[in-house]
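Down below is the structure, laid out as structure tokens.
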Amino acid sequence: MTAIITRDLKKFYGSVHALDGLSLTVQPGTVFGFLGPNGAGKTTTIRLLTGLSRPTSGTATVSGVDARQSRKIARIIGYLPEEPAFYRWMTGYEFIDYTARIFHISTGERSRRVKELLELVGLAEAAKRRIGGYSRGMRQRLGIAQALVNQPEVLFLDEPVSALDPTGRKEVLDLIDSLRGKCTVFMSTHILADVERVCDSIGIIDKGKMIVEAPQSELMGRFTIPAIEVEVIAGHEKDLEKWLKSLRNLSWVKNTQVDGTKARLTVKDLEKARKELFHALNTTGLPVQRFEVVTPTLEDIFLQVINGKGGAK
Amino acid sequence: MTFLTQLRKEIMEQFRTRRFLTVFIVLLVWGMLSPLTAKFIGEIFNSIPAMAPYAALIPPPTVTDAIGQYIKNVNQFMVFLALLVTMGAVAVEKDKGTAALMLVKPLPRSTFVIAKFLALVFTFGLSLLAAAVADYYYTLYLFQPMEIGPFLALNGFMLLYTLVYVAITLFASTLFKSQAAAVGVGFGALLFLAVLGSFPPLKEKLPDQLILWGTGLMTGSHMAYWPALLISVGIILASLLGAWLVFRKQEL
């Protein structure tokens, strides 16, 4: 069964169209990265899928359950808001225990799972401390623990690592990575490197509409730039420029650019260019520091898509 | 099971956030001070030179004065605390986001609201009990024993009267995200009912009469105000129902 399906989902707040016909599909057991600039509709989508908000029109299902049936949805999902708020007077242990009680987890099982989750998110030592004294990163990790209490089928994470330091980020991303295959993770973020690292599929949303949705590998392939970059050791800039000029008339060269010690050649046939350029470089005797076929980063793709240069879904 | 979990959390919150302690101490102090004030008001006047001439005008204190002081002091403070303690019950949770975090879990919204109300019943009930025990002891010590039955009934009426304002403020707290708006509605209800009470045909049917009923019981009157009792219970139930109806449709 498909984990998440939305069809023509709309959410209007007066004249503001927070979501304007969003359609997406997320396969079970995958990690889905939901990208978009601020105000694109990421949080609104999560709120609709978790039953916190109701759509103006359109449909949304989570594990086959209509997202408007919030009671049924509640049993199968886990949810971490962007800035999770807790009862500051509770300890970390008490909060996870309270959450587990809400899910009717039996006493023995509850005690084991609470300890396991606090261990998993690195809060075992701070478990007896009041949440009011936790740092933002600790609260974020506690938020992840509470979202996993019921071993959800679908886990919604709204900007899960934005408050974490590099070590914490790595730990949480590793944790998300380890959930692949065990549950579906729907993760909204604006940190593209994190999406690149853990997500199987990516959806890019802008102004309430899905612009691109595809598996990460397909997306990277679709937006590949046929270009090669060459960098030489400082002091050889003029030689580099002269060499580039000599290449301009070759049939496989489309465009050349030079910037100090770096040159970029946009080509018509990447395979042919790779072979011939490497050979040409050998014969010139230029002191090459770097030779690289340009692969687009997710950031390149994101900017292309958001600036309207990307292909539609 | 879920209800008990939620009630446990709410009662824990009353203790940990010191709301229980505040209400308990304030009511306990007034429970103790009321008979003391009634007994020693003459001496207090005498000890203040400017007030000393008026001391002679004060008649010898009686148990009725002690009861009057208790009702006036404890009731006023209890209603005031009811507004303050209840105003943020739901509004703060909506504003901070804890309501959203918990209500995406299998926690019914009706349970969320009713557990809050019952935790407040617990806080005010237990605190009033402590105040009543203190008042009974000092009244017994300084004046004479009071009849237990009427005294219990009086305290029951005082609690019910307070719960009217707890329920109204809780309803307002589900309507708004602002504590100030919630307390405003609670205070507005207090004023509104006071104004309505100035119209004789309505007066006997309003919650204020519960206090009069309890006072009467203590002084041997058998005047009953059943409509006031029914209307008070009705206001509480209607406020809770309204809170649930509003809250279940609310987007968090």
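The values are calculated or read from the model by the stated rules, or taken from the named source; none is laboratory data. In this text, all values refer to a predicted model and were calculated from it rather than measured experimentally. All Cβ positions, glycine included, derive from the backbone under ideal geometry; neighbour counts span all protein chains shown. Accessible surface areas use protein heavy atoms only, side chains included; no ligands, DNA or RNA. Shrake-Rupley method; radii C 1.70, N 1.55, O 1.52, S 1.80 Å.
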Answer from A:D174, A:D165 - the residue that is within 23 Å of A:I76 (Cα to Cα) and within 20 Å of the chain's Cα centre (by Cα): A:D174
Residues of segment A:83-135 classified as under 26 Å from A:I46 (Cα atoms), charged (D, E, K, R) and touching a residue at least 40 places away in the same chain (Cβ under 8 Å), total: 2
Which numbered condition in (1) farther than 26 Å from B:F3 by Cβ; (2) crowded, with 22+ Cβ neighbours inside 10 Å; (3) more than 14 Å from chain B (Cβ to nearest Cβ) is the only one that A:I46 fails? (3)
Does B:T62 satisfy being more than 14 Å from chain A (Cβ to nearest Cβ) and under 18 Å from B:T174 (Cα atoms)? no
How many residues, within segment B:27-49, are open to solvent by less than 40 Å² (accessible area, probe 1.4 Å) and either closer than 10 Å to B:S127 by Cβ or within 14 Å of chain A (Cβ to nearest Cβ) (or both)? 2
Yes/no for B:G242 being in contact with a helix residue (DSSP H, G or I) (Cβ under 7 Å, 6 or more places away or on another chain) and in contact (Cβ under 8 Å) with a residue 40 or more places away in the chain: yes
Spot the failing condition for B:F124; the list is (1) within 13 Å of chain A (Cβ to nearest Cβ); (2) open to solvent by less than 10 Å² (accessible area, probe 1.4 Å), and only one is missed. (1)
Considering segment A:139-178 alone, what residues qualify as being assigned to a helix (DSSP H, G or I), touching a helix residue (DSSP H, G or I) at 6+ places or on another chain (Cβ under 8 Å) and closer than 17 Å to A:I4 by Cβ? A:I176
Of the candidates A:V198, A:V230, the one satisfying the condition of being under 30 Å from A:R113 (Cβ atoms), open to solvent by less than 10 Å² (accessible area, probe 1.4 Å) and not hydroxyl-bearing (S, T, Y) is A:V198
Condition first: surrounded by fewer than 17 Cβ atoms within 10 Å (Cβ to Cβ), more than 14 Å from chain A (Cβ to nearest Cβ) and without any contact (Cβ under 8 Å) to a residue 12 or more places away in the chain. Can you find one or more residues in segment B:3-13 that meet it? no
Filter the helices (runs of 4 or more DSSP H) completely within segment A:1-110 down to those with at least 2 residues that are closer than 24 Å to A:Q151 by Cα and touching a strand residue (DSSP E or B) at 6+ places or on another chain (Cβ under 7 Å). A:42-49, A:70-76
Can you work out which of the residues in segment A:13-25 that are surrounded by fewer than 24 Cβ atoms within 10 Å (Cβ to Cβ) and touching a residue at least 60 places away in the same chain (Cβ under 8 Å) is nearest to A:A3 (Cα to Cα)? A:T25
In segment B:1-31, which residues are assigned to a helix (DSSP H, G or I) and basic (K, R)? B:R8, B:K9, B:R16, B:R19
Going through segment B:127-151 in order, the residues found to be surrounded by fewer than 16 Cβ atoms within 10 Å (Cβ to Cβ) and assigned to a helix (DSSP H, G or I) are B:V133, B:Y137, B:L140, B:Y141, B:L142, B:I148, B:G149
Only one of these conditions is not met by A:V172: (1) in contact with a strand residue (DSSP E or B) (Cβ under 7 Å, 6 or more places away or on another chain); (2) open to solvent by less than 10 Å² (accessible area, probe 1.4 Å); (3) of a type in the set (A, V, I, L, M, F, W, C). Which number is it? (1)
Set A:C183, A:C199: member being touching a residue at least 12 places away in the same chain (Cβ under 8 Å) and under 22 Å from A:I102 (Cα atoms): A:C183
Take segment B:200-252 and flag every residue that is under 30 Å from A:T56 (Cα atoms) and not in a helix (DSSP H, G or I). B:Q250, B:E251, B:L252
In segment B:66-82, which residue that is in contact with a helix residue (DSSP H, G or I) (Cβ under 7 Å, 6 or more places away or on another chain) and farther than 12 Å from B:S34 by Cα is surrounded by the most Cβ atoms within 10 Å (Cβ to Cβ)? B:A82
Working carefully through the options B:G188, B:G214, find the one that is more than 14 Å from chain A (Cβ to nearest Cβ) and surrounded by fewer than 20 Cβ atoms within 10 Å (Cβ to Cβ). B:G188
Which members of segment A:60-105 meet the condition of being under 22 Å from B:M12 (Cβ atoms), β-branched (V, I, T) and more than 7 Å from chain B (Cβ to nearest Cβ)? A:T91, A:I96, A:I105
Enumeration of residues in segment A:120-140 that are open to solvent by 20 Å² or more (accessible area, probe 1.4 Å) and modelled with pLDDT of 95 or more: A:A124, A:E125, A:K128, A:R129, A:R130, A:G132, A:G133
